[in-house]
Amino acid sequence: MTYIKRDMEKIVVELSEQYPVILITGPRQVGKTTMLQNIMEGTDRTYVSLDDLNIRALAKSDPEMFFQLYKTPIFIDEVQLRIPDYPDGESGGIRTLIRQHPDSDSGNIRTLVG
């Protein structure tokens, strides 16, 4: 299948150099994941999907080990599958997962796709 270049690619690359986390959302099946996989070709970025039940369980139960196995900069796909953050700020959501990463303030975590 021929890859269709997205207008958003340049913007995503530029933003990922400026911000530690970018959340990319949109309707299902529009090419969010495909775009990011294309962007990361030939780079040192890691791709991991929380579609995999074992990976998701690890991200939930042991975020520190998750980030030891999946090095930054990282694309974390299907983040909506992680337990959402609670409105009162209790732990358990993707923001908590990112905050628990040792480099969360250094700008090394790049992109989340949901």
The lone exception for V30 - which of (1) in a helix (DSSP H, G or I); (2) aliphatic (A, V, I, L, M); (3) more than 23 Å from F66 (Cα to Cα) it fails: (1)
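Mind telling me which of the residues D44, D51 ends up being at pLDDT 85 or above, acidic (D, E), surrounded by fewer than 17 Cβ atoms within 10 Å (Cβ to Cβ) and more than 16 Å from M8 (Cα to Cα)? Walk me through it before giving the result.
Values: D44 fails: at pLDDT 85 or above.
Exactly one of D44, D51 is at pLDDT 85 or above, acidic (D, E), surrounded by fewer than 17 Cβ atoms within 10 Å (Cβ to Cβ) and more than 16 Å from M8 (Cα to Cα), namely D51.
From R95, R99, R28, grab the single residue that is modelled with pLDDT of 80 or more and basic (K, R). Walk me through it before giving the result.
Values: R95 fails: modelled with pLDDT of 80 or more; R99 fails: modelled with pLDDT of 80 or more.
Just one listed residue meets the conditions, R28.
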Enumeration of residues in the range 21-40 that are closer than 12 Å to Y3 by Cα and more than 14 Å from the chain's Cα centre (by Cα): G31, N38
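Could you please find all residues in the range 54-63 being at pLDDT 85 or above and either closer than 11 Å to E78 by Cβ or buried (at least 17 other Cβ atoms within 10 Å of the Cβ) (or both)?
Start the filter on the range 54-63 by keeping residues that are at pLDDT 85 or above, which leaves 54-58.
Of everything in the range 54-63, those that are at pLDDT 85 or above and either closer than 11 Å to E78 by Cβ or buried (at least 17 other Cβ atoms within 10 Å of the Cβ) (or both) turn out to be I55, R56, L58.
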First in the range 37-51 and among the hydrophobic types (A, V, I, L, M, F, W, C), second anywhere and surrounded by 11 or more Cβ atoms within 10 Å (Cβ to Cβ) and in a helix (DSSP H, G or I), Cβ under 7 Å, 6 or more apart: I39/E9; I39/V12; I39/V13; V48/I55; L50/R56; L50/A59; L50/V79; L50/L81
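The values are calculated or read from the model by the stated rules, or taken from the named source; none is laboratory data. Keep in mind it's a predicted model, so treat the numbers as computed, not measured. Note: ideal-geometry Cβ built from the backbone for every residue, glycine included; neighbour counts use all protein chains shown.
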